[in-house]
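Contents: one structure, followed by commentary.
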Amino acid sequence: MSLESHELEELKLKIGRDPTSTELQIVAAEWSEHCSYKSSKKYLKLLPMDGPLVINEKGYDSGVLDVGDGYVVTAHIESHNHPSAVEPYGGAATGVGGVIRDILSAGTRPIALLDGLRFGDIEKDQHAKWLFKNAVKGVADYGNCLGIPTIGGEVEFDECYSNYAMVDVAAIGFGKKENLIKNHAKKGDLVVLMGGATGRDGIGGSQFASDSLESENRSAVQIPDPFIEKLIIEAILEARDEKLIHAMKDLGGGGLSCAVSETADALDIGIEMDVDKVHTRESDMHPDEIMVSESQERMLIITDSIKLIKFQDICNKFRIECSVIGHVTFDNKMHVKKGEKTIANISTDVVVNATLLDLPSKKPKYLENIEDKKSFPVLSDYSEIMLKLLASPNIASKIWVYGQYDHEVGIRTVIKPGYDASVLRLDNGKFLSIKIDGNPKQCYINPREGAIGCFEEACRNVVCTGAKPIGMLDHLQFGNPKDPEIFWTFLESLNGLTDFAKDFEIPCIGGKVSLFNETTNGSIKPTPVIGVIGLIDKKPLRTQKINSGDCLIMIGNTKDELGGSEYSEYIHKFIGGKCPTVDFSESKKNMNAVLEIIENELIKSAHDCSKGGLAVAVSELCMTNLIGCTVSLESVPGDKLDHDKILFSESHSRYLVTFEKKNIQNLEELLKKHNVTFKIIGEFGGESIKFTADSKPIIDLSVDKTQKTWLNSLKEMVMHA
Amino acid sequence: MNVGVIVFPGSNCDRDMFHVLSDVFHMTPQYCWHDKPLPENLDAVVLPGGFSYGDRLRAGVIAAHSPIIKDVKKMAEKGIPILGVCNGFQILVESGLLPGVLLKNDSLNFMCEWTNLTVENNKTPFTNQFELNEKIPIPIANGDGRYFVDDETLKQLERKNQIVFKYDQVVNGSSNQIAGVCNEDGNVVGMMPHPERAVESEINPHDNKPSSLIFESLLNNMGANN
């Protein structure tokens with residue numbers, strides 16, 4: 001894998017000579033889509049990146065938010081799709097490792113992980129099941145060993161991921177503002193590589209990830225070692241406390257080539273280094289291999305010669321290898337030597353700034369009639385369909401997954417996985433609420449509205465815990481951008497996210513673009529995954545036990561929007577129909593209203609209505625509380641619709657709120673003040689989940705039995721062939 | 001009250017334990033790095049959870065051969081209260097301070113979930129504030145948490161009152177649902193569940209009082225000795 005011929009010509013023109021083989025490798029790594037964002041960079045600038053809480057410093061690999069009282073939160077999201085599709089255990093594990101080092105490089109301690117996992121249809125596809133099982137184990141083994149809790153995420157299955165795996169990992173860090181690393185360097189400072197030895201794993205990984213997946217290139221997959229990563233974390237934080245670090249960068253895609261060139265470019269310096277000084281796993285590695293190896297658990301540190309001694313002491317304490325590989329110069333060049341011999345000497349500006357592309361885009365043909373609606377057979381009883389949905393892999397409880405993740409370590413997890421969003425306590429008495437959401441089914445039907453929907457859903461989830469959204473992470477995952485139709489879907493999604501972020505004043509604090517998510521079967525559906533971080537000043541809404549006699553309010557309108565719903569696709573195998581859209585002003589009103597009723601302690605719980613619609617959301621309340629509920633469809637706010645649409649439409653901006661009857665008056669007053677659409681739609685009690693229309697039951701399921709099905713279904717799918 | 005919290009490379013519940021000892025129970029904990037001698041002035045020692053040495057070879061086995069374990073053994077002989085939690089329990093078992101062995105859970109998976117314990121021995125320095133058979137809601141988080149002893153040893157443990165905690169239902173296939181044991185003298189206690197994750201109501205969705213009694217027992221034990 002190397003540069004395309006026109007890129008090679010461009011490189012020659014820029015440096016005025018033929019590049020050396022090492023230069024060619026360095027530039028090929030850095031100009032890969034994975035490292036350069038050459039197709040997407042121009043458009044990413046549209047997203048709002050600034051906000052009152054955002055702290056911008058040069059050279060950070062993660063976003064930084066000021067959460068008050070001298071504390072900051074850092075956050076980042078990454079994927080490891082190609083490697084996980086080939087070797088799910090190692091791919092997923094090293095995906096966790098990489099994003100954690102991004103958090104660490106700002107000088108903050110990683111305190112939580114979230115993972116978004118997507119695979120083919122595990123009910124039919126044994127390979128998808130194997131990928132799923134092993135990716136979960138990879139995330140679990142890595143995060144558990146580090147003692148960083150995996151507190152939430154999402155899992156989804158869709159045929160568009162057959163023979164492929166999507167592994168997204170978001171990491172959250174926490175620390176004191178004064179301890180943030182202010183990346184800087186002065187002439188003569190030393191460049192230190194610390195951590196695992198550089199080996200032949202992950203060679204060409206970033207180029208591997210910048211092409212469609214056709215061959216199983218196992219040597220491009222990195223090998224995980226969480227034990228070394230744990231030692232690196234503790235050593236770096238100790239060195240941070242001793243103020244020994246001038247600048248720091250994680251080694252990720254592109255290995256040393258990218259870390260050295262990007263650090264030099266960000267700090268406006270040059271770096272001279274010697275590959276012979278790099279500690280390697282094998283003695284006969286070629287210099288080019290050393291420069292592009294993506295061996296894991298390595299950090300690049302810049303410090304001075306006096307601090308170096310203390311830094312080496314810390315590395316010795318943790319028995320981590322560290323090598324001084326070079327020093328800082330002021331010629332803005334990346335000068336790589338092997339002993340005395342120069343093997344690359346190239347301006348960092350050339351290395352880091354690949355020519356940005358202006359790719360053509362065109363509305364895909366498949367979208368022409370996709371939003372045409374289709375009616376499904378009208379039934380008098382939907383119990384069976386509902387049970388089928390609750391047992392379906394996308395809706396069934398994910399306890400089999402998060403039960404393998406240590407989600408308690410660190411003793412911050414106030415709201416555990418399995419609820420709308422997870423909540424962590426911070427040292428200043430505030431709380432952080434986090435959720436990631438994706439919805440490729442809706443993004444396929446309408447890339448713009450689908451992406452906005454993911455964003456709003458993640459917001460709804462954190463709002464349900466009482467948190468105000470303060471930052472967003474976007475992970476934009478698409479197929480080959482050179483296909484104008486795919487690039488169009490990318491732009492549509494990005495524009496939608498930008499509009500929502502601006503309107504709601506939620507800054508994008510970090511993100512990632514992952515393109516070329518394709519196999520020989522074709523491209524994946526557009527898969528933006530959005531993470532939202534919310535802050536709670538006082539206390540989170542911890543779901544209280546629902547008792548008989550408690551009531552249920554629905555806030556928001558249910559619309560005729562079955563497109564991309566689980567009901568449409570899983571039950572009726574139909575891809576199409578009108579996809580849910582977000583009305584910005586309604587969305588904002590509803591969010592504010594829910595936040596205020598939580599703050600006034602008027603409710604027991606708030607739950608978002610999403611996958612599977614109202615029917616599934618009500619069932620989830622019943623199953624987690626082991627109590628029945630009767631909901632009358634006539635009272636559900638919105639247009640008069642067919643029963644299946646009321647039950648299963650996945651319209652946005654909807655919340656289910658449970659409360660004690662005595663609060664009814666105060667609650668109604670507050671909701672009226674906010675001018676939101678709402679209605680009491682049901683009451684809890686009994687032992688069955690009941691939906692009625694014209695006083696006749698159209699769904700009637702025993703809570704107990706349904707709960708068992710919902711809890712065990714995924715595990716049974718994985719365990720039994 | 002001086003409590004040593006032993007830290008091995010890969011320990012990851014040391015900071016949680018430290019926080020609970022100092023901020024919740026107002027003891028004076030200190031971190032003790034594995035290759036330094038254990039301070040003489042300690043009133044109790046805790047081996048926290050984690051993945052010492054990345055669980056290489058077998059959970060706890062490398063840490064059990066650290067120099068600091070020699071000091072721990074001396075303290076154990078003197079009757080000083082010693083608590084091993086999760087990986088700390090695995091280390092105590094591997095070092096021979098406690099009987100039995102910890103095997104892979106019967107699900108073959110890492111398990112993180114809340115369980116209920118019953119107190120089987122309320123005479124140890126970590127359980128003296130409990131009633132017998134009292135219940136403790138508490139989380140587990142381990143891959144190798146299945147306590148195993150042969151039938152003969154099991155009978156011996158029962159006879160000598162060395163079973164400290166049992167799960168109140170089948171969790172991971174442990175012999176007799178054992179979750180924690182002590183040595184014959186009762187001063188060395190090991191348990192797989194994590195009491196440090198259960199003593200604060202903010203993060204305990206059930207009841208934080210029972211777990212707190214583990215640390216209050218230690219405080220009481222010191223009071224009784226002074």
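The values are calculated or read from the model by the stated rules, or taken from the named source; none is laboratory data. Being a predicted model, the structure only gives us computed values, none of them experimental. When we count neighbours, we look across all protein chains shown, and the Cβ atoms used for this are built from the backbone with ideal geometry, even at glycine.
Only one of the listed residues (A:Leu193, A:Leu180) is at pLDDT 95 or above and under 17 Å from A:Val292 (Cα atoms). That residue is A:Leu193. When residues in the stretch B:1-28 are screened for being of a type in the set (Gly, Ala, Ser) and in contact with a helix residue (DSSP H, G or I) (Cβ under 8 Å, 6 or more places away or on another chain), 2 of them pass. Report yes if B:Glu196 is of a type in the set (Asp, Glu) and within 23 Å of B:Val72 (Cα to Cα), otherwise no. Yes: the conditions hold for B:Glu196.
Yes or no, residue by residue, for (1) assigned by TED's automatic domain parsing to the domain that holds A:Ser514; (2) within 22 Å of the chain's Cα centre (by Cα):
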site	(1), (2)
A:Gln25	no, no
A:Gly59	yes, yes
A:Gly63	yes, yes
A:Gly70	yes, no
A:His76	yes, yes
A:Ser79	yes, yes
A:Glu87	yes, yes
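For A:Val54, the test of being more than 20 Å from the chain's Cα centre (by Cα) and either aliphatic (A, V, I, L, M) or not assigned by TED's automatic domain parsing to the domain that holds A:Gly510 (or both) is failed. Among the residues of this structure, B:Leu38 does not count as one that is within 14 Å of chain A (Cβ to nearest Cβ) and either without any contact (Cβ under 8 Å) to a residue 24 or more places away in the chain or part of a loop (DSSP other than H, G, I, E, B) (or both).
The residue list B:Lys155, B:Lys135 contains one member that is closer than 23 Å to B:Phe25 by Cβ and more than 14 Å from chain A (Cβ to nearest Cβ), which is B:Lys135.
Give the number of residues within the stretch A:105-155 that are among the polar types (S, T, N, Q) and part of a strand (DSSP E or B).
Going residue by residue through the stretch A:105-155, those that are among the polar types (S, T, N, Q) are A:105, A:108, A:126, A:134, A:144, A:150.
When the remaining residues are screened for being part of a strand (DSSP E or B), the result is A:150.
Qualifying residue count for the region: 1.
Please work out if A:Lys373 is more than 30 Å from A:Cys145 (Cα to Cα), away from every other protein chain (no Cβ under 14 Å) and in a loop (DSSP other than H, G, I, E, B). Yes, satisfied. Note on the stretch A:286-320: residues that are more than 35 Å from the chain's Cα centre (by Cα) and either in contact (Cβ under 8 Å) with a residue 24 or more places away in the chain or surrounded by 22 or more Cβ atoms within 10 Å (Cβ to Cβ) (or both) amount to 5.
Looking at the stretch A:68-80, is at least one residue assigned to a strand (DSSP E or B) and of a type in the set (Phe, Trp, Tyr)?
From the stretch A:68-80, those assigned to a strand (DSSP E or B) are A:68, A:71-79; that's our starting set.
Still in the list and also of a type in the set (Phe, Trp, Tyr): A:71.
Checking the stretch A:68-80: at least one residue is assigned to a strand (DSSP E or B) and of a type in the set (Phe, Trp, Tyr).
Each residue in the stretch A:620-661 was checked for being among the polar types (S, T, N, Q) and in a loop (DSSP other than H, G, I, E, B), and 3 of them qualify.
Taking the stretch A:626-640 as the range and being more than 16 Å from A:Ile553 (Cβ to Cβ) and at pLDDT 95 or above as the test, the residues that pass are A:Leu626, A:Ile627, A:Gly628.
Go through the stretch A:162-185 and report how many residues are away from every other protein chain (no Cβ under 14 Å) and more than 17 Å from the chain's Cα centre (by Cα). Spell out the reasoning first.
Keep residues of the stretch A:162-185 that are away from every other protein chain (no Cβ under 14 Å), which gives A:162-173, A:176-185.
Now narrow it down to the ones that are more than 17 Å from the chain's Cα centre (by Cα): A:162-164, A:176-185.
Summing the residues that are away from every other protein chain (no Cβ under 14 Å) and more than 17 Å from the chain's Cα centre (by Cα) in the stretch A:162-185 gives 13.
Being of a type in the set (A, V, I, L, M) and more than 14 Å from every other protein chain (Cβ to nearest Cβ) is a property that does not hold for A:Leu541. Among the residues that make up the stretch A:402-411, is at least one of them away from chain B (no Cβ under 14 Å) and not in a loop (DSSP other than H, G, I, E, B)? The answer is no, given that none of the residues of the stretch A:402-411 is away from chain B (no Cβ under 14 Å) and not in a loop (DSSP other than H, G, I, E, B). Applying the condition of being aliphatic (A, V, I, L, M) and part of a strand (DSSP E or B) to the stretch B:102-132 and asking which residue is nearest to the other protein chains (Cβ to nearest Cβ) yields B:Met111.
Annotation note: of A:Ala128, A:Ala140, the sole residue that is in contact with a strand residue (DSSP E or B) (Cβ under 8 Å, 6 or more places away or on another chain) and more than 14 Å from chain B (Cβ to nearest Cβ) is A:Ala128.
Here's the yes/no breakdown for (1) within 19 Å of A:Glu408 (Cα to Cα); (2) more than 18 Å from the chain's Cα centre (by Cα); (3) more than 14 Å from chain A (Cβ to nearest Cβ); (4) among the aromatic types (Phe, Trp, Tyr):
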site: B:Gly4; (1), (2), (3), (4): no, no, yes, no
site: B:Asn12; (1), (2), (3), (4): yes, no, no, no
site: B:Phe18; (1), (2), (3), (4): yes, no, no, yes
site: B:Met27; (1), (2), (3), (4): no, no, yes, no
site: B:Leu42; (1), (2), (3), (4): no, no, yes, no
site: B:Pro67; (1), (2), (3), (4): no, yes, yes, no
site: B:Ala76; (1), (2), (3), (4): no, no, yes, no
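Inspect all residues belonging to the stretch A:431-445 and state whether any of them is buried (at least 24 other Cβ atoms within 10 Å of the Cβ), over 21 Å from A:His607 (Cα atoms), in contact (Cβ under 8 Å) with a residue 60 or more places away in the chain and among the hydrophobic types (A, V, I, L, M, F, W, C). Yes: the stretch A:431-445 contains one or more residues that are buried (at least 24 other Cβ atoms within 10 Å of the Cβ), over 21 Å from A:His607 (Cα atoms), in contact (Cβ under 8 Å) with a residue 60 or more places away in the chain and among the hydrophobic types (A, V, I, L, M, F, W, C). Could you tell me whether the stretch A:495-504 includes any residue that is surrounded by 24 or more Cβ atoms within 10 Å (Cβ to Cβ), farther than 30 Å from A:Ser605 by Cβ and under 16 Å from the mean Cα position of the chain (by Cα)? No - not one qualifying residue is present in the stretch A:495-504. When the residues of the stretch A:577-605 are filtered to those that are touching a Lys or Arg at 6+ places or on another chain (Cβ under 9 Å) and of a type in the set (Gly, Ala, Ser), the one that is nearest to A:Glu683 (Cα to Cα) is A:Ser605.
One residue is enough: does the stretch B:54-61 have a residue meeting the conditions assigned to a helix (DSSP H, G or I), within 9 Å of chain A (Cβ to nearest Cβ) and touching a residue at least 40 places away in the same chain (Cβ under 8 Å)?
Initial filter on the stretch B:54-61 (assigned to a helix (DSSP H, G or I)): B:54-55.
Within this subset, residues satisfying the condition of being within 9 Å of chain A (Cβ to nearest Cβ) are B:54-55.
Those left that are additionally touching a residue at least 40 places away in the same chain (Cβ under 8 Å): B:54-55.
Within the stretch B:54-61, one or more residues are assigned to a helix (DSSP H, G or I), within 9 Å of chain A (Cβ to nearest Cβ) and touching a residue at least 40 places away in the same chain (Cβ under 8 Å).
The strands (runs of 3 or more DSSP E) found entirely in the stretch B:137-226 that carry 2 or more residues being in contact (Cβ under 8 Å) with a residue 60 or more places away in the chain are B:178-182, B:188-191. Within the stretch A:16-40, residues that are of a type in the set (Val, Ile, Thr) reach partners that are assigned to a loop (DSSP other than H, G, I, E, B) with beta carbons closer than 8 Å, at six or more positions or on different chains, in the pairs A:Val27/A:Leu3; A:Val27/A:Pro19.
Only residues that are part of a strand (DSSP E or B) and closer than 22 Å to A:Gly613 by Cα were counted in the stretch A:513-561, giving 10.
The residue that is modelled with the lowest pLDDT, among those in the stretch A:294-344 that are over 21 Å from A:Glu242 (Cα atoms) and within 14 Å of chain B (Cβ to nearest Cβ), is A:Gln296.
All of A:Leu8, A:Leu44, A:Leu3 fail the test of being in contact with a helix residue (DSSP H, G or I) (Cβ under 9 Å, 6 or more places away or on another chain), surrounded by fewer than 21 Cβ atoms within 10 Å (Cβ to Cβ) and in contact (Cβ under 8 Å) with a residue 40 or more places away in the chain, apart from A:Leu44.
Residues of the stretch A:553-572 that are closer than 17 Å to A:Met386 by Cβ, hydrophobic (A, V, I, L, M, F, W, C) and surrounded by 24 or more Cβ atoms within 10 Å (Cβ to Cβ): A:Leu562 alone.
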